[in-house]
Amino acid sequence: MDTKNLVLRTKFMDRLCHWTMVACFFLVALSGISWFFPSLNWLGYVLGPPQMARLLHPFLGITVFVLLMCMCVRFVHHNLFVRTDITWFRHIVDVLMNKHGEKLQIGKYNAGQKILFWGIMSLISLLLVSGLMIWRAYFAMYFPIPVVRLALLAHSVAGLGLILLVLGHIYMGIWVRGSIGGMVTGYVSRAWARQHHDRLYEEEVLPAETSSAKRPH
Ligand code: HEM
């Protein structure tokens, strides 16, 4: 792949972490949905026979949590809210209409992506805590039954909430052309970087290119 005119957006380890987590997430989410909606019971077979699905679901859930925490550590500094995020909110209609006239001062991630990031991290944490509390094989016996029932409710609500957030995330990935390619190959075009993340482009991409052009070859 000729990367001369491309900008590296996501490093290999981060992409590996993201896509491994996505594979585990879908298996956990589909088996979870299969127990929540009886008519979708057949979805549980993604993890094999019912007993096997019951056994694997919590372990895969913990894997999703661990991988998401790795992403959290790697990406958290790009997802802290800054003053310029207000500009993005003020131009939300233009953003949704895909109009790119104004400079929106967007860094590595825009304000919408940051909200999604924190939503995902909060819900997966709630899923982990409530999931451990309802895990019959190891922990549920340490909690009174009403507490386990509450944890089950919290687990279902957080699971559905996370699935809805992820559907929004996938929709936005398809809507913003070039971003899924960026998460697969790691690279985006220079025009894409300038159009969608103008502040990052001006503060980091351009200076890095200028200094490497000045270096003797
Ligand atoms: C088919 C499913 C998915 C697709 C196509 C997809 C696509 C993407 C893309 C394109 C990016 C990079 C965005 C950019 O460079 O601006 C990204 C980042 C990310 N994705 Fe996904 N994703 C999927 C599933 C998931 C799932 C299931 C989760 C978590 C439950 C998730 C969590 C994240 C996070 C945390 C980031 C980093 C965003 C940030 O730091 O603000 N993704 N994804």
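The values are calculated or read from the model by the stated rules, or taken from the named source; none is laboratory data. Quick caveat: nothing in here was measured; it's all calculated off a predicted structure. Because the Cβ atoms are built from the backbone with ideal geometry, glycine has one as well, and the counts that use them run over all protein chains shown. The area values use the complete protein model at the heavy-atom level, side chains included, leaving out ligands, DNA and RNA. Shrake-Rupley method; radii C 1.70, N 1.55, O 1.52, S 1.80 Å.
Couple of notes before you dig in:
- Flag for residue 136 being outside any helix (DSSP H, G or I) and more than 21 Å from residue 85 (Cα to Cα): yes
- Residue within the stretch 134-154 that is modelled with pLDDT of 95 or more, within 16 Å of the ligand (Cβ to nearest atom) and hydrophobic (A, V, I, L, M, F, W, C) present: no
- Looking only at residues in the stretch 37-60 that are surrounded by 15 or more Cβ atoms within 10 Å (Cβ to Cβ) and within 20 Å of residue 132 (Cβ to Cβ), the one that is farthest from the ligand (Cβ to nearest atom) is 54.
- Taken together, 20, 3 contain a single residue that is open to solvent by 40 Å² or more (accessible area, probe 1.4 Å), more than 12 Å from the ligand (Cβ to nearest atom) and either in a loop (DSSP other than H, G, I, E, B) or out of contact with any Gly (no Cβ under 7 Å at 6 or more places or on another chain) (or both), which is 3.
- Selection within the stretch 165-183: residues that are open to solvent by less than 60 Å² (accessible area, probe 1.4 Å) and part of a helix (DSSP H, G or I). The member of this set that is farthest from the ligand (Cβ to nearest atom) is 168.
- Taken over the stretch 151-164, the criterion of being under 13 Å from residue 123 (Cα atoms), open to solvent by 50 Å² or more (accessible area, probe 1.4 Å) and touching a residue at least 12 places away in the same chain (Cβ under 8 Å) is satisfied by 160 alone.
- Single condition residue 102 does not satisfy, out of (1) open to solvent by 60 Å² or more (accessible area, probe 1.4 Å); (2) part of a helix (DSSP H, G or I): (2)
- The condition of being without any contact (Cβ under 8 Å) to a residue 24 or more places away in the chain, within 19 Å of the chain's Cα centre (by Cα) and within 20 Å of residue 123 (Cβ to Cβ) holds for only one of 66, 28, that being 66.
- Number of residues in the stretch 23-48 that are outside any helix (DSSP H, G or I) and touching a helix residue (DSSP H, G or I) at 6+ places or on another chain (Cβ under 8 Å) equals 1.
- Every residue from the stretch 184-206 that is in a helix (DSSP H, G or I), away from the ligand (no atom under 12 Å from the Cβ) and farther than 19 Å from residue 85 by Cα: 190, 191, 205, 206
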